[in-house]
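The values are calculated or read from the model by the stated rules, or taken from the named source; none is laboratory data. No experiment lies behind these values; they were computed from the predicted model shown. FYI the Cβ positions are ideal-geometry reconstructions off the backbone, even for glycines, and counts take in every protein chain you see. Side chains included, ligands, DNA and RNA excluded: accessible areas come from the protein's heavy atoms. Shrake-Rupley method; radii C 1.70, N 1.55, O 1.52, S 1.80 Å.
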Amino acid sequence: MVAIAGCSGGDTTPSAVPTGAQLPGPQASADTARLRDALLPVPKGMHVAYGPELGAFGSLKATQLGLQAMRQAKLQRPECAGAAQLDAAKPDVAQAPAAVISFAADRGSITQAVVSLPSAAFPAPLPTQCASYTAEVEGTKVAYRTRTLAMPARGDQSRAYLTTAAGGKKNAQIGSVMIRRGTLIMSMLVVGQRVKPQGLFELARLADQNLAQVTH
């Protein structure tokens, strides 16, 4: 998802997205309702671009768009395509109950997903070789540079990164946050021309606050 987000700047976000494939059974319904409650409210000055979308993570439109974007991008280091992110190509992750929402404004976009997964599914740290690489996106060469941010610890596990994407007519920054609290994993991407770490940390605090409310 990061591979294309830096180039698109959120412009490819659809205005309406159908609900993903629903999981069978009352327990699944309870899970997805809890996940929906964990999503952020609309940030000030932004609007809902789509969602909330509920269902199996791999079936959601947002997930499919991300996978499609990664398939279309030609990466110098293919192993970096989904590094430090939830891997929807894995069957257990693809079938996990999830909720996703996206917010947009002129200055950028925020996409948040909350997925019910065991703690072992929390993504590993960004590999060293993925801190800097190039990719060809729709015929344009884009250079990506990522640094790990010293975000205050959140939940049971948490990580944050800031990626700068430069190439073509659109340069962008992508802030990414991953938080695990119990069996819920929250993933958030913030895309804009400039993403301030402190703003990203505040969104992470609010997201973790919501996670805490639904896991107790």
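Per-residue SASA remark: GLU202, around 80 Å² accessible (1.4 Å probe; ligands, DNA and RNA not included). Over the C-alpha atoms of the range 72-131, the Rg to Rh ratio, Rh being the Kirkwood estimate, stands at 1.01. Axis of helix 197-215 versus longest Cα principal axis of the chain: the two differ by about 20°, to the nearest ten degrees.
Each of ALA166 and ALA143 was given a label point 7 Å from its Cα along the Cα-to-Cβ line. The distance between the two points is 0.5 nm.
If the chain linking GLN68 and GLU202 were pulled fully straight, counting 0.36 nm for each residue of separation and taking away their Cα-Cα distance, it would gain 45.2 nm. On the basis of the beta-carbon distance and an R0 of 45 Å, GLU136 and ASP92 show a calculated FRET efficiency of 0.90. Rounded to the nearest 20 debye, the dipole magnitude of the range 58-116 is 180 debye, with +1 charges on Lys and Arg beta carbons, -1 on Asp and Glu beta carbons, and the Cα centre as origin. Of all lysines in the structure, the ones whose alpha carbon falls short of 24 Å from that of LYS44, not counting any fewer than 8 places away in one chain, are LYS196.
Charged side chains reduced to their Cβ positions (Lys and Arg at +1, Asp and Glu at -1) give the range 17-172 a dipole of some 540 debye around its Cα centre. Averaged across orientations, what area in nm² does the convex hull of the alpha carbons in the range 127-216 project? If you wrap the Cα atoms of the range 127-216 in a convex hull and average its projections, you get 6.5 nm². Using a probe of 1.4 angstrom and keeping all protein chains present, the accessible surface of the chain works out to 48 square angstrom per residue. Net charge in the neighbourhood of MET46 (other residues with Cβ under 12 Å of its Cβ; Lys, Arg +1, Asp, Glu -1) is +1.
Relative to the longest principal axis of the Cα atoms of the chain, the long axis of helix 61-72 makes an angle of roughly 30 degrees.
Simple rule: put +1 on each Lys or Arg Cβ and -1 on each Asp or Glu Cβ in the chain, find the dipole, and look at ALA172, THR63, PRO152; the Cα lying farthest toward the positive end is ALA172. Using the alpha carbons alone, the radius of gyration of the chain stands to its Kirkwood radius in an Rg to Rh ratio of 0.93.
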